[in-house]
1. Can you give me the number of residues within segment 269-282 that are in contact with a helix residue (DSSP H, G or I) (Cβ under 9 Å, 6 or more places away or on another chain) and part of a loop (DSSP other than H, G, I, E, B)?
2. Condition first: part of a helix (DSSP H, G or I), more than 19 Å from the chain's Cα centre (by Cα) and touching a residue at least 40 places away in the same chain (Cβ under 8 Å). Now tell me which residues in segment 283-318 satisfy that.
3. Kindly establish whether residue 109 is surrounded by fewer than 17 Cβ atoms within 10 Å (Cβ to Cβ) and either in a helix (DSSP H, G or I) or under 21 Å from the mean Cα position of the chain (by Cα) (or both).
4. Name the single residue, out of those in segment 25-54 being modelled with pLDDT of 90 or more and farther than 16 Å from residue 110 by Cα, that is surrounded by the fewest Cβ atoms within 10 Å (Cβ to Cβ).
5. Out of the residues in segment 210-227 meeting the condition of being part of a loop (DSSP other than H, G, I, E, B), more than 22 Å from residue 70 (Cβ to Cβ) and modelled with pLDDT of 65 or more, tell me which one is nearest to the chain's Cα centre (by Cα).
6. Out of the residues in segment 228-241 that are part of a helix (DSSP H, G or I) and in contact (Cβ under 8 Å) with a residue 12 or more places away in the chain, which is surrounded by the most Cβ atoms within 10 Å (Cβ to Cβ)?
7. With farther than 26 Å from residue 245 by Cα and in contact with a helix residue (DSSP H, G or I) (Cβ under 7 Å, 6 or more places away or on another chain) as the only criterion, which of 110, 93 stands out?
8. Inside segment 104-132, can you point out the residues that are closer than 24 Å to residue 182 by Cβ and out of contact with any strand residue (DSSP E or B) (no Cβ under 6 Å at 6 or more places or on another chain)?
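The values are calculated or read from the model by the stated rules, or taken from the named source; none is laboratory data. On a predicted model such as this, the values are computed, not experimentally measured, just so you know. Here the Cβ positions follow ideal geometry from the backbone for every residue, glycine too, while neighbour counts run over all protein chains shown.
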């Protein structure tokens with residue numbers, strides 16, 4: 001085979017790629033159960049997602065997930081019948097990964113709203129891994145405040161213990177509460193998870209399978225081992241940087257104005273100063289974390305939502321079975 005012929009050979013991909021128009025047809029007859037008013041409450045800062053995108057992107061995805069959840073529920077029932085056990089309520093777990101400012105939280109909230117309206121899984125909870133960050137006091141002691149969001153800033157053992165309890169069907173599982181206002185864990189406050197049908201676990205590094213720690217105490221399990229389905233929200237890195245800066249400017253005029261905000265010192269910056277600070281934070285923290293730790297896990301996802309420069313999903317990649 002000549003070099004030209006070899007270069008012309010298709011490169012294997014584990015995914016089937018769908019342009020948005022193709023993907024939208026997979027909605028079939030799934031009804032739109034979300035109103036414009038409800039969607040407005042689910043949008044993140046500086047995101048312009050509309051009902052058309054919900055119809056064309058998220059309804060087909062909710063239909064796919066509904067089919068997957070039903071299949072797993074049937075499998076659990078068959079297994080319990082075979083083993084002669086009483087039925088156990090074990091949640092279907094969806095992992096949601098992607099960069100800071102890419103829109104993970106909005107995607108999770110929209111899916112929660114849509115999935116909760118299917119009859120066989122009405123209770124859907126969202127858990128963010130922010131609650132498993134070490135408290136600021138611990139991060140400061142370890143010199144990790146400038147690496148908040150990097151893998152080593154999380155209490156991985158606590159997070160894995162939570163995932164084990166969740167997948168064991170425990171009646172109640174506690175999640176530490178993280179405040180984006182104070183930029184820290186809230187002492188003594190917990191989100192209580194009470195046997196939901198579906199849990200969406202959203203975080204930067206939830207698809208990661210490597211550990212920086214070495215030795216016999218290195219965990220043998222990873223968060224992603226507990227997922228039934230996983231989604232990676234993707235976009236061009238320069239677009240994500242722009243979205244991060246835009247979000248920082250909005251927060252400067254809103255949340256940062258609160259004197260209790262960890263970032264209150266940025267509230268009085270001029271627009272030009274705020275843009276420069278945001279770009280430096282992106283360059284020194286968020287971009288290295290994305291390129292070193294988050295983006296390399298992209299191809300571990302079951303499904304990838306690819307966004308264009310306007311924050312809208314342009315195509316979907318679905319892993320081949």
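1. To start, the set of residues in segment 269-282 that are in contact with a helix residue (DSSP H, G or I) (Cβ under 9 Å, 6 or more places away or on another chain) comprises 269, 271, 273-275, 277-279, 281-282.
Subset that is part of a loop (DSSP other than H, G, I, E, B): 269.
So the answer is 1.
2. Looking only at segment 283-318, we keep the residues that are part of a helix (DSSP H, G or I), and these are 283-300.
From what's left, more than 19 Å from the chain's Cα centre (by Cα): 283-284.
284, the sole residue that qualifies.
3. The answer is no for residue 109.
4. Here the answer is 28.
5. So in segment 210-227, the residues part of a loop (DSSP other than H, G, I, E, B) come out as 210-222, 227.
This time we only want the ones that are more than 22 Å from residue 70 (Cβ to Cβ), so: 210-222.
With modelled with pLDDT of 65 or more added as a condition, the list becomes 210, 220-222.
Working: 210: 18, 220: 23, 221: 19, 222: 16 Å.
In this case the residue turns out to be 222.
6. Of segment 228-241, the ones part of a helix (DSSP H, G or I) are 237-241.
In the following step, the residues that additionally are in contact (Cβ under 8 Å) with a residue 12 or more places away in the chain were identified as 237, 239-241.
Details: 237: 16, 239: 16, 240: 24, 241: 21.
Checking each candidate, the answer is 240.
7. Checking each option against the conditions leaves just 93.
8. Going residue by residue through segment 104-132, those that are closer than 24 Å to residue 182 by Cβ are 104-106, 108-109, 125-132.
Residues satisfying the conditions are 105, 106, 109, 129.
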